[in-house]
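All remarks here apply to the structure that follows.
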Amino acid sequence: MGLLSDIQSPQDLRLLSRRQLKDLSEELREFLLHSVAGTGGHLSSNLGTVELTVAIHTVFQTPFDRLIWDVGHQSYPHKILTGRRDQMATLRQLDGISGFPRRCESEYDHFGTAHSSTSISAALGMALASRQKGEHRGPNRRRHVAVIGDGAMSAGMAFEAMNNAGIHKDIDLLVILNDNEMSISPPVGAMANYLARLMTGRFYSAARELGKQVLSAVPPMLDIAKRLEGGAKSLVGSNTLFEEFGFNYFGPIDGHDLDALIPALQNLRELKGPQFLHVITKKGQGYARAEEDPITYHGPGKFDPAVGLKPPSAAPKPTYSTVFGDWLCDAATADDRVVGITPAMREGSGMVEFSQRFPSRYHDVAIAEQHAVTVAAGMACEGLRPVVAIYSTFLQRGYDQLIHDVALQNLPVLFAIDRAGLVGADGATHAGAFDMAFLRCVPNMVVMAPKDEPECRAMLSTGLHIDGPSAVRYPRGAGMGIPAGTSLEPLEVGRAERLREGSVGPHGLRVALLAFGSMVGPALKAAESLHATVVNMRFVKPLDHDMIVEISHRHDLLVTIEEHVISGGAGSAVAEALVALGDAVPMIPIYHLGLPDHFIDHGDHAALLAREGLDAPGIEASVRYRAGLIAAQSSEQASRENSQKTVAVR
């Protein structure tokens, strides 16, 4: 490394010449490519924001000025330039730095992000706070910058924020639209079409003229300010959509040209009120393979940059996303009413083949989870069978719609919930740790969790047959490696299955492990040494009360196991059932294993489960410990009773 090795903070950038900043950008891109290739992580998006990051940190006085990266998966150059270059080897690894901005990680990470379209709201909140504290006056006033992608601009929250920001003319807020014509999947919707039009025709051709006026090194700032104060139209023509929201729109400009970016940002830094800069970048910039295939290189694992990503030598086990995608195609073939809906996660949810085979029944609604749920409700009202493929963490964003628009009306919408449980390197922001709790409390909902691939397929078919809302939650990645098959036969709703009959185990106790979904496999392994019974509960709601009654009468300890928070989760549901069953069940100890009441950081999935005691050895150790406590209590109770008898005899 040449210049890059001397950059310890953005302050060092501000000492470099323009020529040096260009050289630094090339070094930074090369370092970034090899760093991500060594750890895995988001690549295409970060290669596309190198010059933009350099320009922002050069012009704005970070960390005094506030900088917020929407989603944040494009913030690796920002991390490298803000003192974390030497930590990049730990990126997204256990106890390493996060793949997203985190307030606890650096003073330069002003707002934690990972979910889409939050940056403008957060930056506006900070700008309003600065105004209230009197930090908005004078040449050294605090500035606030939100960098948002064109994909994130499709979400309603971004427009809610702009609608609010546009009325505040005395704040310092700059929104930078990083337009690379993609989110993760190809762009969809009217907003994508609108941004494409801004880049063509008179808007694009006018950019040269705009450069002479606003973006020149010595701009006519007084003239520009007068035009803005007088409510002038956009400098490139008639009002844009963004100006109708109260922003001053500038652009589009080349997001890889520091000679355009730096003067533009310097000029905009001096303007008051909501400003909007439209920059054009290219995902994968500078690495030909990523430029040609930005989707594949969006989030690769480890690879050799000289060779690129290569297919594995042996076919990997199908992921649950693949199982879902295959099932959806088969279900759509068998039933003309089936439609598939995704909020901009076609590839991640396994819907590529479905989108190609059934284009008229495939609906990518962009990053709009609330809309995805309610549009599904509308389809269900008209007799269709909508399947909403959505990550657990993103379903949180459509929770009101799930209750009000789907469940309250008892509409047959099937939620295929991917990334349930811990998600490894993406960390707490993407973990599906809460869905069983927030779903099982909703009337009319049926909630299922499969133990393996064939059961996942059967549960999806079950949900499709239910005349009401239902959800199937399944984990990220591959399952047990059992062929999913082609059956579309449903399961009996609310029936668990006993997988292993136990005997007397630790401390003379008969233990039953009641496992949900992904925890069935580890429970079966732990049960061998514990001599425990194992029940695959299958249904979080409705629970199999008959099975609970039977198991309770024949065992001394019940242990529920789930890859989900314990609070309000499936284990809580079993405890509630025991209380509700009353005299139908004996007084029996119940012990819950699951995720604790704190957020779980990023790291290898297996290592995270082991750390939380949710692998087979952890389950065994916890059960033995609990059984020992129960045995000790029983022994102490028996001793007290014997003592009392002895006293009574005397």
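The values are calculated or read from the model by the stated rules, or taken from the named source; none is laboratory data. The structure displayed is predicted, hence computed values, not measured ones. Note that each Cβ is placed from the backbone with ideal geometry, even for glycine, and that neighbours are counted across all protein chains shown. Note: areas computed on protein heavy atoms with side chains; ligands, DNA, RNA excluded. Shrake-Rupley method; radii C 1.70, N 1.55, O 1.52, S 1.80 Å.
Give the whole-number value, in cubic angstrom per residue, of the convex hull volume spanned by the C-alpha atoms of the range 395-511. Walk me through the numbers before you get to the answer.
Numbers: hull volume 17.5 nm³, N = 117.
Looking at the range 395-511, the number lands at 150 Å³ per residue.
From the Cα trace of the chain, what convex hull volume per residue do you get, rounded to a whole Å³? List each step's numbers first, then the result.
On the way: hull volume 122.2 nm³, N = 650.
For the chain, the hull spanned by Cα atoms encloses 188 Å³ per residue.
Summing Lys, Arg as +1 and Asp, Glu as -1, what charge do residues with Cβ under 13 Å from the Cβ of residue 592 carry, residue 592 excluded?
On the way: positive: 626; negative: 562, 563, 576, 597, 612.
My count for the surroundings of residue 592 gives -4.
On a per residue basis, the chain carries 40 Å² of accessible surface, using protein heavy atoms and a 1.4 Å probe. Between the helical axis of 189-198 and the longest alpha-carbon principal axis of the chain there is an angle of about 20 degrees. To the nearest ten degrees, helix 453-465 and the longest principal axis of the Cα atoms of the chain are 80 degrees apart. Both radii come from the Cα set of the range 235-313: Rg as radius of gyration, Rh as Kirkwood radius; their ratio Rg/Rh reads 1.18. Derived scalar couplings between HN and Hα for the range 151-159 equal x, 5, 5, 7, 8, x, 4, 4, 6 Hz in order, rounded to whole Hz, by the Karplus curve 6.51 cos²θ - 1.76 cosθ + 1.60 (θ = phi - 60°), x for Gly and Pro. If you look at the Cα atoms of the range 530-612, you get an Rg and a Dmax of 14.2, 45 Å. Distances between placed amide hydrogens fall under 5 Å for residue 248 paired with 275, 276, all partners being 5 or more residues away or on another chain. For residue 295, the amide hydrogen comes within under 5 Å of no other amide hydrogen, counting only partners 5 or more places away or on other chains and with H modelled in the peptide plane. Here the dipole of the chain is about 1140 debye; that uses its Cα centre as origin and unit charges on the Cβ of Lys and Arg (positive) and Asp and Glu (negative). Mean residue ellipticity at 222 nm, helices only, the chain: -11500 deg cm²/dmol; runs of at least 4 DSSP H residues each add -39,500 (n - 2.57), and the sum is divided by the number of residues. Using equal-weight Cα scatterers in the Debye expression, the normalised intensity of the range 236-275 in log10 at q = 0.14, 0.20, 0.26, 0.30 Å⁻¹ is -0.35, -0.68, -0.96, -1.05.
Shown here: the range 352-396, whose C-alpha atoms stretch 29, 25, 15 Å along the first, second and third principal axes, sorted largest to smallest. Treating only the Cα positions of the range 107-166 as identical point scatterers, give the base-10 log of I(q)/I(0) from the Debye formula at each q in 0.18, 0.23 Å⁻¹. Result of the Debye calculation: -0.67, -0.97.
Starting from the Kirkwood Rh over alpha-carbon pairs, what translational D in µm² s⁻¹ does the range 60-105 have by Stokes-Einstein at 37 °C and 0.692 mPa s? Walk me through the numbers before you get to the answer.
On the way: Rh = 11.2 Å.
So the translational diffusion coefficient is about 294 µm²/s.
Using only alpha carbon positions, build the gyration tensor of the range 450-489, then give the equivalent ellipsoid semi-axes as the square roots of 5 times its eigenvalues, largest first, whole angstrom. Kindly include the intermediate steps, with their values, before the conclusion.
On the way: eigenvalues 74, 31, 5 Å².
So the equivalent ellipsoid measures 19, 12, 5 Å along its semi-axes.
For the chain, take the longest principal axis of its alpha carbons; what is the angle in degrees between that and the long axis of helix 369-381, to the nearest 10 within 0 to 90? Roughly 60 degrees, rounded to the nearest 10. Converting phi to 3J(HN,Hα) with the Karplus coefficients 6.51, -1.76 and 1.60 and the offset θ = phi - 60°, the range 330-345 yields 5, 5, 5, 5, 7, 9, 5, 7, 6, 10, x, 10, 9, x, 6, 10 Hz in sequence order, with x at every glycine or proline. Put simply, the convex hull of the Cα atoms in the range 464-539 casts, on average, a shadow of 6.4 nm². Past the 24 Å Cα-Cα mark, which pairs from 79/317; 302/451; 22/272; 451/525; 22/79? Table pairs above 24 Å Cα-Cα are 79/317; 302/451; 22/272. Restricting attention to the range 442-543, close to 45% of DSSP beta bridges with both partner residues there are antiparallel. Over its Cα atoms, what ratio of radius of gyration to 2.2 N^0.38 Å does the range 493-650 give? That works out to 1.13 for the range 493-650.
Please report the antiparallel percentage of the DSSP beta bridges confined to the chain, to the nearest 5. Roughly 10 percent of the beta bridges in the chain run antiparallel, per DSSP.
Once each of the chymotrypsin sites (Phe, Trp or Tyr not before Pro) sitting in a DSSP loop with at most 12 other beta-carbon atoms within 10 Å is removed, the chain keeps 65-598 as its longest stretch.
Rg over Rh for the range 362-449 works out to 0.96, both radii taken from alpha-carbon positions and Rh defined as the Kirkwood radius. Amide H contacts of residue 420: 392, 474, 476, each under 5 Å away and 5 or more positions distant or on a separate chain (H built 1.01 Å from N in the peptide plane; Pro and chain starts excluded).
For the peptides 129-141, 74-86, the ranking by packing is 74-86, 129-141, with the highest mean count of neighbouring Cβ atoms within 10 Å listed first. A compact globular protein would have a Cα radius of gyration near 2.2 N^0.38 Å; the ratio found for the range 1-129 is 1.00. Annotation: extensible slack from residue 497 through residue 132 equals 125.4 nm (criterion: 0.36 nm per residue apart, minus Cα-Cα distance). Here the chain exposes an accessible surface that is 53 percent carbon and sulfur, computed with a 1.4 Å probe and the other protein chains kept in place. In the frame of its principal axes, the range 524-563 has Cα extents of 30, 26, 11 Å, reported largest first. Just check the range 255-403 against the gyration tensor rule for me: Cα atoms, a ≥ b ≥ c as the square roots of the eigenvalues, rounded for a/c under 1.5, and otherwise prolate or oblate depending on whether a/b exceeds b/c. Oblate.
Which one of 286, 496, 515 is farthest out on the positive end of the charge dipole of the chain, using unit charges on Cβ (Lys, Arg +1; Asp, Glu -1) and the Cα centre as origin? Value computed over the given set: 286.
Shown here: the range 81-185, whose C-alpha atoms stretch 43, 34, 18 Å along the first, second and third principal axes, sorted largest to smallest.
For the range 314-402, take the convex hull of the Cα atoms, compute a quarter of its surface area, and give me that in nm², please.
On the way: hull surface 24.3 nm².
Mean orientational projected area (the range 314-402, Cα hull): 6.1 nm².
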